[in-house]
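See structure below.
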Amino acid sequence: MNEKISAAVATARRIWVLPWAHRLRIWAAVLAVSLLGVFVGTMLFAQSEIAVGPFRADMSISPSLKGGTEVDIPPLGSLHLDSHDGPIHLKVDLGALDQERTEALIDDPTAISAAGQSAVDDVTKGVLQLGLRAMGAAIVCALILSALIFRNIRRVAAAGILALVVTGGSLALAAGTIRPDSISEPRYEGLLVNAPAVVGDARRIADNYGRYADQLQQLVSNVSRIYTTVSTLPVFDSSGNTTRLLHVSDLHLNPASWGVISTVVKQWDIDAVVDTGDIVDWGSGAETSYVSSIGQLGVPYIYVRGNHDSLAIQAAVARQKNAKVLDNSIVTVAGLTIAGIGDPEFTPDKSENPPGNADDPGFSPMLTSGERLATTIRESKTPVGLAMVHDPAMAPPLSGVVPLVLAGHLHKREVRMLPAPSPEASAAPTPAPSSSLPPAPMETRLMVQGSTGGAGLRGLEDDEPTPLMMSVLYFDEHQSLKAYDDIQLGGTGEQNVTMQRNVIGTETEPTTNPSVFNGVTPGIRPSSPRPSR
């Protein structure tokens, strides 16, 4: 056995010193160095940034055995497409909106349509540029590495040629195996795993989103028309000491909401934004980046947590420089004292109401939270002008305690007076002197906002889309609500914007003298049974 091993070793040594074996070792080393240069060049330099409409998209190429394309869509997750075969993997990261390009689109609404039409050309051009960049980076890195290792012109040139063949062949293979229909069979990761339950049929949503872009274009062109009609609405003297609040609710992760909110803040000279919750959909850590747009509004942002908002989302809102989170607390903004409390339930996937008697505080966390806020308001040394809750079911204990309660949750507007509290609940702590009449009981108005996010992606699922809604509230120096403007942007596929001025105290309020655009007349919808939102 030892003799056989010794003979094999001797044969290997003789082959090792043969000229052809020497050349084979050199070419193997050249190939290894070339492949290493291709890998390093691709990983470090095969990246580029392209503009697709108002978005900045970062594109990169990396070596892969399976190929394919990954599209990151923060904060929702990622979309994986079996778009082509290996050995190249394409990654597209849809980043933030480019401020200059976005402002340009706003200034020229016709450019939105042009941007959509050129999106395919932008992506195609970006992929071609990325391929050329990857090839150049791979060849240069292979040349540099081979020059450092071999110090031989022929071997350096051979390494460069091999790098060209490898990258060019890989790009050609990817281009030759492109499957355009792969977009119809995507694989979701992250929050998009829930896409079937959240947004329904993906292709139908994609089709609707094109019409949704058209609707946003119409908003930009119509919002100035809305503003100029204020003089034709019911007379309301907005004096210099008037406080203007913008009431929004249920944004549900809709990125389009921020642009609309920003436009109204500027056009109406808003003093503060009040948000009655459900700013996101699932309350996950991945969604925290969505609230970063709060800091760009330039006015105070008062927020209470909704049933879709986790404590992590609440903390993310609180980190914004202009935000104030109310959770059984009180704040004064622009001379107006506001109280608020977060939703006691976190039910992002809620499908039915919780068990128990909703009218009994002992069984209803909603009424219990309302009672807590009512106690906080009664104990406040500063009179409170309005209270904020997410679910209208939390409002009854606030009747007679505060003149105005703002809520959301229902995705439908509703304005009504709360029933007067029972004598036991409304008993004044200090009796009135016998020589004077007892003060009139305070009336409490409940204003439920629709969805400023159009119910999020759910709003694109139904045949009748959910409109985007918000309201501008006008308060005098005594914290009294004097008027409010209801603004509504038509849902997907609808190109209309409506605004309605309502003056408090008019006989026909809250449906006084609506402003009509494109033949659509807004109105206050009647209340409906409490849905799961």
## Note on the structure
In nm, the gap between the two label points placed 7 Å beyond Cα toward Cβ at Met417 and Lys66 is 6.5 nm
### Query
Residues with amide H under 5 Å of Ile504's amide H, sequence separation 5 or more or different chain, H placed in the peptide plane at 1.01 Å from N; which?
Ala483, Tyr484
### Query
Around Met388, which amide H atoms from residues at least 5 apart in sequence, or from another chain, sit under 5 Å from its own amide H, with H modelled in the peptide plane?
Ala339, Gly340, Ile341, Leu406
### Rounded to the nearest 10 Å², the accessible area of His22 at probe 1.4 Å
90 Å²
### Task
Kindly report, to the nearest 10 Å², the accessible surface of Arg378 as traced by a 1.4 Å probe over protein heavy atoms only.
120 Å²
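Of Lys381/Lys482; Lys321/Lys482; Lys266/Lys381; Lys91/Lys125, which ones are farther than 26 Å apart at the Cα? Spell out each step's value before the answer.
On the way: Lys381/Lys482 24 Å; Lys321/Lys482 30 Å; Lys266/Lys381 33 Å; Lys91/Lys125 15 Å.
Beyond 26 Å: Lys321/Lys482; Lys266/Lys381.
Report the equivalent ellipsoid semi-axes for segment 295-355 in whole Å, largest first, defined as the square roots of five times the eigenvalues of the gyration tensor built from alpha carbon atoms.
Working: eigenvalues 124, 40, 14 Å².
So the three semi-axes of segment 295-355 are 25, 14, 8 Å.
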### Query
Where in segment 384-413 does the amide nitrogen come within less than 11 Å of the point 7 Å from the Cα of Ala315, taken along Cα to Cβ?
none
### Task
Show Lys4, Lys381, Lys125 ordered by accessible area, largest first, where the area counts protein heavy atoms only and the probe is 1.4 Å.
Lys381, Lys4, Lys125
### Task
At 7 Å along the Cα-to-beta-carbon direction for both Glu477 and Ala147, put a label point, then send me their distance in nm to one decimal.
7.8 nm
### Task
Taking all protein chains together and a probe of 1.4 Å, list Phe39, Phe150 from the most accessible to the least accessible.
Phe39, Phe150
### Task
Starting from the Cα of Thr124, step 7 Å along the direction of its Cβ; do the same at Thr375; then give the gap between the two resulting points in nm.
6.7 nm
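Using 0.36 nm per residue of separation minus the Cα-Cα distance, give me the extension gain between Arg25 and Val40 in nm, one decimal. List each step's numbers first, then the result.
Values: separation 15, 0.36 × 15 = 5.40 nm, distance 2.24 nm.
This chain segment gains 3.2 nm when fully extended.
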### Message
Let me cross-check Glu287: its accessible surface, 1.4 Å probe, with only protein heavy atoms counted, in Å² to the nearest 10?
### Response
0 Å²
### Query
Using r as the Cβ-Cβ distance of Thr11 and Asp82, and R0 as 51 Å, what FRET efficiency do you calculate, to the nearest 0.05?
0.55
### Task
Provide Leu31, Leu336 ordered by accessible surface of protein heavy atoms (probe 1.4 Å), highest first.
Leu31, Leu336
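The values are calculated or read from the model by the stated rules, or taken from the named source; none is laboratory data. None of the values given here were measured: they were computed from a predicted structure. Virtual Cβ from ideal backbone geometry, glycine too; neighbours counted across all protein chains shown. The accessibility values were calculated without ligands, DNA or RNA, using every heavy atom of the protein model including side chains. Shrake-Rupley method; radii C 1.70, N 1.55, O 1.52, S 1.80 Å.
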